[in-house]
Amino acid sequence: MPTARSETSTDDDRLRITTWSFEDGEDTGHHRHEYDYAVVPITGGTFEITEPDGTTREMTQHAARSYLGRAGTEHNVINRSGRIAVFVELEFKR
């Protein structure tokens, strides 16, 4: 069960904008991205990414250094920063 908190501020036919807030150890829960997306880290942090096959990898986000993701990506994202971590996710519906 996901433990990170999400707040969606925009969700229309073109774009969904969600802010994710994680205490250390909290996660998104396993999910599949329906749309291409961009992530804008607010705090930066270190995350453990769990792939569908159970393998894990570490990912470091840097504050204000955005990156892109593709539709179809599946994973669980777990905060391993030792502090709260926040990022904004923008999903491009068209």
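Descriptive notes on the structure:
- Pairwise label distance in nanometres, Thr3 with Glu74, each label 7 Å out on the Cα-Cβ vector: 2.4 nm
- Share of carbon and sulfur in the accessible heavy-atom surface of the chain [1.4 Å probe, %]: 48 percent
- Summed over the residues of segment 1-77 and divided among them, the accessible surface reaches 60 Å² per residue at a probe radius of 1.4 Å.
- Prolate/oblate/rounded call for segment 7-94, Cα gyration tensor, a/c under 1.5 rounded: oblate
- Extension gain, Ala63 to Val39: 0.36 nm times the residue separation minus the Cα-Cα distance gives 7.6 nm.
- Positive-end extreme of charge dipole, the chain - chosen from Gly25, Ala85, Pro41 (charges on Cβ): Pro41
The values are calculated or read from the model by the stated rules, or taken from the named source; none is laboratory data. Just so it is clear, the structure is predicted and the values come from calculations on it, not from any experiment. A quick note on method: Cβ atoms are made from the backbone with ideal geometry, for glycine too, and the neighbour counts reach across all protein chains shown. When the accessible area is computed, the model is the full protein with side chains, heavy atoms only, and any ligands, DNA or RNA have been set aside. Shrake-Rupley method; radii C 1.70, N 1.55, O 1.52, S 1.80 Å.
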